[in-house]
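Below: one structure, written as structure tokens.
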């Protein structure tokens, strides 16, 4: 009986170490990002995961012109993604960074459907009930529309 348990444990461990090959981290370029980045960086090191940082530029230029947009917002967004990518890479993590354009929830879902990942990780801001009811939340929309697990952590600010 003991050998069977050890064998089953080994199989379970080998399955879970490959559980998260690619983790998408949706960033909104605010202090809230640090909560999810700290948590997921540790998770990625445990599983040997590749991290994909995704920020969605959603200003008027980004929504109107997409990837052809030129604005201070987009320049700052690119610089932010590169800074975070560089910082996580320096910790020994495999990291990619991408900038999308438009409605954040739609773009995150589109990215998951077209590129695939094993986990979506996001910080939540803990808006008030009425605000979420009127405007919805990106995290809530994403978690209902994707087929992969979604890790939500309330931002510590």
### Task
Would you check which residues across region 110-120 are buried (at least 20 other Cβ atoms within 10 Å of the Cβ) and more than 15 Å from residue 22 (Cβ to Cβ) and list them?
none
### Task
Six or more apart or on different chains, Cβ under 8 Å: which pairs go from a residue in region 36-50 that's in contact (Cβ under 8 Å) with a residue 40 or more places away in the chain to one that's part of a helix (DSSP H, G or I)? Could you list them?
37/84; 37/88; 41/88; 49/43; 50/44
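Table: residues versus (1) at pLDDT 95 or above; (2) part of a helix (DSSP H, G or I); (3) under 19 Å from residue 28 (Cα atoms); (4) over 12 Å from the mean Cα position of the chain (by Cα).
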residue: 51; (1), (2), (3), (4): yes, no, yes, no
residue: 66; (1), (2), (3), (4): no, yes, yes, yes
residue: 113; (1), (2), (3), (4): no, yes, no, yes
residue: 131; (1), (2), (3), (4): no, yes, yes, yes
### Task
Return a yes/no flag: does region 89-104 have any residue that is under 15 Å from the mean Cα position of the chain (by Cα), part of a helix (DSSP H, G or I) and surrounded by 14 or more Cβ atoms within 10 Å (Cβ to Cβ).
yes
### Query
What about residue 57, is it modelled with pLDDT under 95 and buried (at least 20 other Cβ atoms within 10 Å of the Cβ)?
yes
### Out of 84, 109, sole residue that is touching a helix residue (DSSP H, G or I) at 6+ places or on another chain (Cβ under 8 Å), part of a helix (DSSP H, G or I), farther than 20 Å from residue 31 by Cβ and at pLDDT 95 or above
109
### Message
Considering only residues that are buried (at least 17 other Cβ atoms within 10 Å of the Cβ) and either modelled with pLDDT of 95 or more or under 13 Å from residue 97 (Cβ atoms) (or both), which ones fall in region 20-35?
### Response
22, 23, 24, 25, 26, 27, 33
### Subset of region 71-81 (residues that are in contact with a helix residue (DSSP H, G or I) (Cβ under 7 Å, 6 or more places away or on another chain) and either under 23 Å from residue 21 (Cβ atoms) or in a loop (DSSP other than H, G, I, E, B) (or both))
71
### Query
What is the number of the single condition among (1) buried (at least 17 other Cβ atoms within 10 Å of the Cβ); (2) out of contact with any helix residue (DSSP H, G or I) (no Cβ under 6 Å at 6 or more places or on another chain); (3) over 17 Å from residue 151 (Cβ atoms) that residue 65 does not meet?
(1)
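The values are calculated or read from the model by the stated rules, or taken from the named source; none is laboratory data. Please read all numbers here as calculations on a predicted model, not as lab measurements. Positions of Cβ are generated from backbone atoms using ideal geometry, with glycine treated the same way; all protein chains shown enter the neighbour counts.
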